[in-house]
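The values are calculated or read from the model by the stated rules, or taken from the named source; none is laboratory data. Bear in mind the structure is a predicted one, so any value in this text is a computation, not a measurement. Here the Cβ is made from the backbone with ideal geometry for all residues, glycine too, and neighbour counts use every protein chain on show. Protein only, heavy atoms only, side chains kept; ligands, DNA and RNA dropped before computing areas. Shrake-Rupley method; radii C 1.70, N 1.55, O 1.52, S 1.80 Å.
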Amino acid sequence: MQKTPWILQTLKKLATYYRSVNGWALKVLARNLIVFRKTWTTNLAFNVVEPLLYLAALGVGLGTMIEGIEGMSYIQFVAPGVVATSAMWAAAAECSYDSFVRMHFQKTYHAIVATPIHLEEVVVGELLYGTFKSLLSGTVILLVIASLGLVLSPWALLIPIVLILNGLVFSQIAMIWTGIVPKIDNFAYFFTLIVTPMFLFSGVFFPLDVLPQVLHQLAWLLPLYHIVVLLRSLTIGLITFELLYHVLWLTLFILIIFPLPQMLMRRRLIQ
Amino acid sequence: MTVVVEAQKLQKKYNDFEAVAGIDFHIHRGECFGILGPNGAGKTTVVAMIYCFNPISGGKLTVLGNDVTVDTRSIKTRLGVVPQENNLDLELTVRENLLVYASYYGIRRSEAHKRAEELLHFFSLSTKADQEVDRISGGMKRRLTIARGLIHTPEILILDEPTTGLDPQSRRLIWEHLRQLKNKGLTLILTTHYLEEASQLCDELIIMDQGIILEQGKPLDLIQKQVGAKVVEVEINLEHSQALVHTLEHLISGYQLAGNTIYLYITEDETEAVKIISSCKHVHTYRLRPSNLEDVFLKLTGRGLDYAEDTMDFTDPKKIGHLL
């Protein structure tokens with residue numbers, strides 16, 4: 001009997017995770033959107049009000065004490081970063097706390113996997129919903145900063161695409177934690193150790209070249225860094241070929257970790 | 001009759017713990033098949049393997065002609081599942097719960113609406129259709145969960161402890177609905193630890209304990225075979241129980257002790273037996289009654305369904321003495 005080489009078997013197995021992006025996963029997304037339609041007012045307030053407070057305090061308050069950075073006013077420098085971070089928080093919160101509540105307390109995943117939909121497709125549906133929330137709150141902040149005259153270039157029309165990448169990245173990172181954490185309280189570590197450092201050291205509030213060379217280079221490992229570079233460049237219309245590297249970095253990151261949330265969720269829920 | 005579920009040497013292991021230890025059974029189309037047993041017997045694990053939630057660890061399990069290790073999607077499409085815990089969408093209304101669930105099966109909107117109205121009517125939920133699920137009673141939630149399991153007109157409905165935690169009235173109402181569904185020809189698989197539920201609804205039963213099947217058959221046959229038609233419950237001080245059993249030896253097929261109560265399975269002349277019991281001065285009280293499934297269970301396991309989780313040995317007066 002001929003044995004399939006293990007490498008082929010592994011690849012075949014991995015391919016099934018990517019195939020979970022399908023019509024069944026969209027049904028799970030649709031379910032979440034139906035619930036969202038009922039709860040969006042409270043939802044959106046949370047995602048939108050907080051970034052606006054940052055923008056007011058830092059841009060208008062702190063900004064008056066800072067001369068320009070890289071030829072921009074401080075509020076101009078910070079605004080695209082606030083779009084990026086609000087989108088990050090939206091995805092991270094959705095696929096951690098909210099997903100955990102659906103998975104663990106409401107047993108929504110159990111209800112869905114009793115139908116033709118598989119667990120892997122439930123996970124992908126959740127990721128897509130996290131991405132939707134991220135896109136939505138990023139876009140709302142983008143419109144706000146545009147109305148304040150802080151968007152200078154029509155290249156900003158491409159920002160929603162970057163926000164989708166952003167949403168996928170952080171939905172996945174959060175979902176990995178949801179697949180692991182024993183209790184809902186453990187998400188505090190996720191936010192303290194991962195989300196907050198990313199928030200502070202990705203070049204949102206200050207240009208990274210003020211940091212020691214080593215730390216500056218380490219920022220390359222942070223997904224939010226690439227998002228912030230892209231958003232800032234698109235809002236001011238500073239378009240270079242280099243931006244594609246950042247897009248490539250994000251795309252590869254999304255594709256490489258893609259099987260993980262599904263694998264971990266299966267290991268968690270199904271014995 | 002067509003076999004719709006067939007298990008051969010079916011086994012389930014969680015790490016080192018064997019929850020289901022190689023059991024065989026088959027379920028026919030149109031019957032109500034009960035899995036009776038105490039908590040921890042392996043009932044939920046068995047049904048979860050049937051609806052393809054838990055993968056099997058050994059043996060073979062065929063559902064509606066499909067092997068569960070091969071094609072779970074086509075099995076899941078044809079089954080309805082009512083889980084032990086209600087997992088309804090709390091933010092949605094009663095009707096929306098049905099419609100959203102219908103969408104998972106790819107049922108067209110107009111068709112789903114029609115089917116939802118029928119089910120709401122059947123389960124007397126029409127007046128609550130636009131209420132949020134959070135605001136309806138426990139019994140209604142349970143009925144809605146059953147309705148949800150039927151939205152795609154499945155061939156088999158699996159119910160995991162359908163009435164656990166409900167008040168007697170709601171429980172009876174659910175039994176009534178399940179009986180009607182059975183009469184319409186739907187195959188039902190239900191787990192329960194209520195013997196009354198099992199005897200009210202089930203055509204075929206397996207009695208499970210600690211991962212194995214102790215006995216299987218029709219409820220009445222099981223009672224007849226294991227304990228006979230009549231039981232006398234006698235309350236007596238333990239030290240005198242053996243003597244009483246000895247005197248009645250020729251009239252009983254067996255007996256079982258639980259606490260201070262001794263259950264005597266009467267085979268011969270019940271009047272004679274009662275006469276002997278009532279004349280015994282150590283007997284506190286006694287009661288002659290028709291036997292039921294609980295007697296079968298007690299005899300098979302040496303424990304009642306309610307005591308099953310305890311390891312305490314009620315038959316040893318020394319052990320129980322210091323508790324009193």
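A few notes on this one:
- Ignoring lysines fewer than eight residues from B:Lys230 along the same chain, the ones with Cα atoms less than 28 angstrom from its Cα are B:Lys218, B:Lys275, B:Lys281, B:Lys299.
- Taking the charge dipole of the protein assembly as shown about its Cα centre, with +1 at Lys and Arg Cβ atoms and -1 at Asp and Glu Cβ atoms, the residue from A:Trp155, A:Ile256, B:Ala198 reaching farthest to the positive side is A:Trp155.
- Counts of other chain beta carbons within 10 angstrom of each beta carbon in peptide A:112-125 average 5.
- Most mobile listed residue (A:Leu230, A:Leu58, A:Leu157) in chain A, GNM with C-alpha springs under 10 Å: A:Leu157
- Rounded tilt (10° steps) of A:6-18 against the dominant C-alpha axis of chain A: 60
- Nitroxide proxy distance, nm - points 7 Å out along Cα→Cβ at A:Gln213 and A:Ile184: 4.9
- In terms of Cα atoms, the Rg and Dmax of the protein assembly as shown work out to 31.5, 109 Å.
- Two-site FRET efficiency, A:Glu70 against B:Ser57, from Cβ-Cβ distance with R₀ of 51 Å, rounded to 0.05: 0.25
- With every protein chain in place, chain A: carbon and sulfur % of accessible area (1.4 Å): 72
- Whole-number percent relative contact order across the stretch A:6-269, with pairs defined as alpha carbons under 8 Å at least 6 apart: 26
- Kyte-Doolittle mean at least 0.0, axial Cα span of 15 Å or more - DSSP H helices of chain B: B:94-104, B:238-248
- Taking the convex hull of Cα positions in the stretch A:6-269, its mean projected area over all directions (nm²): 15.6
- Near B:Glu215, the amide H atoms lying under 5 Å from its own belong to B:Ile207; only residues 5 or more places off or on other chains count, and H is placed 1.01 Å from N.
- When the accessible areas of B alone and A alone are added and the area of the pair subtracted, with a 1.4 Å probe, the result is around 2300 Å², both sides summed.
- Inter-probe distance in nm under a simple model that places probes 7 Å from Cα toward Cβ, at B:Tyr14 and B:Asp71: 3.1
- Calculated mean residue ellipticity, 222 nm, chain A: -21500 deg cm²/dmol, from DSSP H runs (n ≥ 4) at -39500 (n - 2.57) each, averaged per residue and rounded to 500.
- Computed about the Cα centre, the dipole magnitude for the protein assembly as shown is approximately 1380 debye when only Lys and Arg (+1) and Asp and Glu (-1) carry charge, each at its Cβ.
- Take A:45-57, A:23-35 and order them by the average number of nearby Cβ atoms within 10 Å per residue, most first; the result is A:23-35, A:45-57.
- Relative to the dominant Cα principal axis of chain A, helix A:223-236 is inclined by about 50°.
- Accessible solvent surface per residue of the stretch A:25-172, calculated while the other protein chains remain in place, 1.4 angstrom probe, Å²: 37
- Based on Cα contacts under 8 Å between residues 6+ apart, chain B shows a relative contact order of 19 percent.
- Between the helical axis of A:243-257 and the longest alpha-carbon principal axis of chain A there is an angle of about 30 degrees.
- Mean sequence separation of contacting Cα pairs (under 8 Å, at least six apart), scaled by the length of the stretch B:77-184, corresponds to a relative contact order of 43 percent.
- Across every pair of non-identical alpha carbons in the stretch A:97-227, the mean reciprocal distance, once inverted, gives a Kirkwood radius of 16.9 Å.
- Each Lys and Arg Cβ is given +1 and each Asp and Glu Cβ -1; about its Cα centre, the stretch B:178-260 then shows a dipole of about 460 debye.
- For the stretch B:122-215, diffusion coefficient by Stokes-Einstein and Kirkwood Rh (Cα), 25 °C, 0.890 mPa s, µm²/s: 170
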